[in-house]
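Here's the structure, in structure tokens; my notes come after.
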Amino acid sequence: MSGEAVVARIAPGVASFTAEDWDRCAPPGDPFLSYAFLAALEESGSVGEGTGWQPAPVAIDGPDGRPDALLPAYLKSHSQGEYVFDHGWADAYERAGGRYYPKLQIAVPFTPVPGRRLLAREPALAPMLIAAAERIVAANRLSSAHATFIAEAEVPLFERAGWLIRADSQFHWLNAGYADFDDFLASLASRKRKAIRKERAAAQAGLEIIHLTGKAIEERHWDAFWAFYQDTGARKWGRPYLTRGFFSLLGERLADHVLLILALRDGPPIAGALNLIGGEALYGRYWGCVEEVPHLHFELCYYQAIEAAIARGLKRVEAGAQGAHKLARGYRPVPTWSAHYIADPGFRRAVADYLERERPAVAHEIAALDEMGPFRKD
């Protein structure tokens, strides 16, 4: 794309940039958009050839030849690992004789974490990244482009460009300045406080729970967590998305942003939860176990995460996609957003009509769920 001496180019991958060049465009405090995280996905083989996620990051270079704006983008041959489900759209388009795949996906692979997707050092460059995505769709005869889990502040930029906006929801725990976990429990209704204390006691019985970060995380810990991750991945997705090598690279390059919570029984770990530490939030990502213990999932993924966030003074815990069971544990429904560019006018009209009807239902559900939360009404 060119115009006013601005040129957008497609690079072969995030790893083709230097860490310094990528990270000067990426937002600080978001580990998922860092060079270390995205390049580790490529170098570990978690994305790339044979995965259906072909890296195609877009860059707009400045006068010095260094990128001033970046778009984390991928050519997708399926819709797995996105957490914004468009399988119905794909089926409808292909039944009508169209070809839905490949499509352009602007996202962090396998990561339903809201954040910026238009990584521009200057605000004027953000619309140019959107225009570049549209040109890629046209030039390569793709069906569509999808920017998923975009920051709320980016919604107007995509709307002005004519992209369709989709609303969804997640459950986040919000820190109201709690001094400790008991202070948080005091904000809940009595019956909910008792239920959580009972769950925690059952989950912790006979176990030692430890928090590891930085250099305290060793390869033996990743070996244990890999077994947990494989078990969960096999049950949820059929096969795990991430390779074993990814976790080693994560520990090597982002160790200080990793919080690994493990449950030990007589020494060896039997379950674990992987979190990443951001500038304002703790992000829960993966969990697994090799021994079933009642309520241990809630303990490691939700309650221990809340304790860690309070101790670090973080504003919230984002515990991933879906899961209405989080509501009873003090997590609140919040809206999430995605933006969609549909090339075919007829198909675009059909999707636009669907989204127009879906948005009020999502808003109503968020309001209703929030009203049902465990917090005291006084």
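The values are calculated or read from the model by the stated rules, or taken from the named source; none is laboratory data. None of the values given here were measured: they were computed from a predicted structure. Neighbour counts are summed over all protein chains in view; Cβ atoms, including those assigned to glycine, are modelled from backbone coordinates with ideal geometry. Note: accessible area is taken over every heavy atom of the protein model, side chains too, but ligands, DNA and RNA are not part of it. Shrake-Rupley method; radii C 1.70, N 1.55, O 1.52, S 1.80 Å.
Got a sec? Which of I310, I306 is in contact with a strand residue (DSSP E or B) (Cβ under 6 Å, 6 or more places away or on another chain), at pLDDT 95 or above, open to solvent by less than 40 Å² (accessible area, probe 1.4 Å) and not basic (K, R)? Checking each option against the conditions leaves just I306. Considering only residues in region 87-103 that are in contact (Cβ under 8 Å) with a residue 60 or more places away in the chain and aliphatic (A, V, I, L, M), the one that is most open to solvent (accessible area, probe 1.4 Å) turns out to be A96. In region 108-127, the count of residues that are of a type in the set (G, A, S), farther than 26 Å from G278 by Cα and open to solvent by 10 Å² or more (accessible area, probe 1.4 Å) is one or more. Just name the residue that is nearest to the chain's Cα centre (by Cα) out of those in region 347-378 that are aromatic (F, W, Y) and within 30 Å of A92 (Cα to Cα). Looking at residues that are aromatic (F, W, Y) and within 30 Å of A92 (Cα to Cα), I get Y354. Working only within region 68-109, note down all residues that are assigned to a helix (DSSP H, G or I) and under 20 Å from the mean Cα position of the chain (by Cα). H87, the sole residue that qualifies. Within region 128-142, which residues are open to solvent by 10 Å² or more (accessible area, probe 1.4 Å) and either more than 21 Å from V84 (Cα to Cα) or more than 24 Å from the chain's Cα centre (by Cα) (or both)? If the condition is that a residue be open to solvent by 10 Å² or more (accessible area, probe 1.4 Å) and either more than 21 Å from V84 (Cα to Cα) or more than 24 Å from the chain's Cα centre (by Cα) (or both), then M128, A131, R135, I136, A138, A139, N140, R141, L142 are the ones that fit. Taking every residue in region 296-321 that is under 20 Å from S169 (Cα atoms) and free of Cβ contacts under 8 Å to residues at least 60 places away in the same chain and pairing it with any residue that is assigned to a loop (DSSP other than H, G, I, E, B) and aliphatic (A, V, I, L, M), at least 6 positions away or on another chain, the pairs with Cβ-Cβ distances below 7 Å are C301/A319. Of all the residues in region 345-372, those that are in contact with a helix residue (DSSP H, G or I) (Cβ under 9 Å, 6 or more places away or on another chain), open to solvent by 80 Å² or more (accessible area, probe 1.4 Å) and of a type outside the set (S, T, Y) number 1.
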